[in-house]
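Comments concern the structure below.
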Amino acid sequence: MTTPSPAARPPSREAELTRAESELSVHEAKLAEHLARATAEASALATRLNQLRAALARVQQEPGADPALAGQAAGLEALAVPALDVEASREKALKAREAALHARRQAGQEMHAALKAHQEQAAHVARAVADAETVVKHHVDAAAARTRAQQEAQARAQQEAARARQAELARPAATARAQGAPMPAAPAAHPAAAAQDGRDARRNGRVRMHTSIDMRSDSNFFTGFSMDISEGGVFIATVDPVPRGTQVELDFTLPGGRPMKVTGVVRWVRESNSRTPELMPGVGVQFTGLPPEVASAISSFVTTRDPMFFPD
């Protein structure tokens, strides 16, 4: 449905009345001019008639006056200038205008009272809406706070469970170290890969880090627990198998730092082994394309922790 242009819209009643009133005012002004002119002309004509009657009367009294002048004088005596009586009509028009003004004033007062009542009712509704909005916002904020508290509690419970699991798995290794038993190295599927991992571990000192890590590949999503981190890579404790060479994305947060998002490649895999329960299963991920700001943050974290080295 198209909206008619302003020129095509019919005039409102108020606009039509305003136009008619303006035209009527112009007509009344012209009529007043005509009435004034007609009254002045009638007055001048009456003066001329009286003067002519007086002149004829003087001429008739002179000796030898023409008898025909008597007939002319009689004819003038029979004439009378018509009176322009518009007072009744003028009074009627004035009364009509007064009545119209009274009606307009009364209508204006009624509209003003209606406007005041409308404003009071609208203000009452606005206050009720504002009060309801405050109550709803309070409940929404309270629900959001409860949800955040539940999420934080769940996160703390998960972290506590992960730390307890790590401590449980590390207890046999601590016993072995106390008894002087040698610590096994991280397994590798190939001797050359294991040698390379050892060289990388020596070159990049690793520090122990306890933080939850989300790891995504093209076909899987894993949530692991980081045991250590270095400037070159990170070990992620997880029981989910991830093949070597898999390109992965890592989301983690350094303790006390901001969230990190990096990419990496799985270089070695440690599977669960009942003969070495002290070694947590997981994968070694080498960072690739590390952004400068992330590399700087990891470097700052690494330099403030005691490094640990994997044996060859």
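Read the figures in this text as sums done on the coordinates, not as results from a lab. All values reported here derive from a predicted model rather than from experimental measurement. Because the Cβ atoms are built from the backbone with ideal geometry, glycine has one as well, and the counts that use them run over all protein chains shown.
The simple Förster model, with R0 at 25 Å and r as the Cβ-Cβ distance, assigns Thr39 and Ala74 a FRET efficiency of 0.30.
With each label modelled as a point 7 angstrom along the Cα→C-beta vector, the Ala132-Ser272 pair spans 5.6 nm. Residues whose amide H comes within less than 5 Å of that of Thr223, counting only those at least five positions distant or on another chain, are Met215 (H built at 1.01 Å from N in the peptide plane).
In a fully extended conformation the segment linking Ala32 and Ala142 would gain 31.7 nm over its present Cα-Cα distance, using 0.36 nm per residue. What separates the Cα centres of the range 111-155 and the range 270-307 is a distance of 50 Å. Distance between the modelled labels on Thr223 and Glu120, one decimal in nanometres: 6.0 nm (7 Å Cα→Cβ projection). Compared with the direct C-alpha span, the chain from Lys92 to Ser296 gains 63.6 nm at full extension, assuming 0.36 nm per residue.
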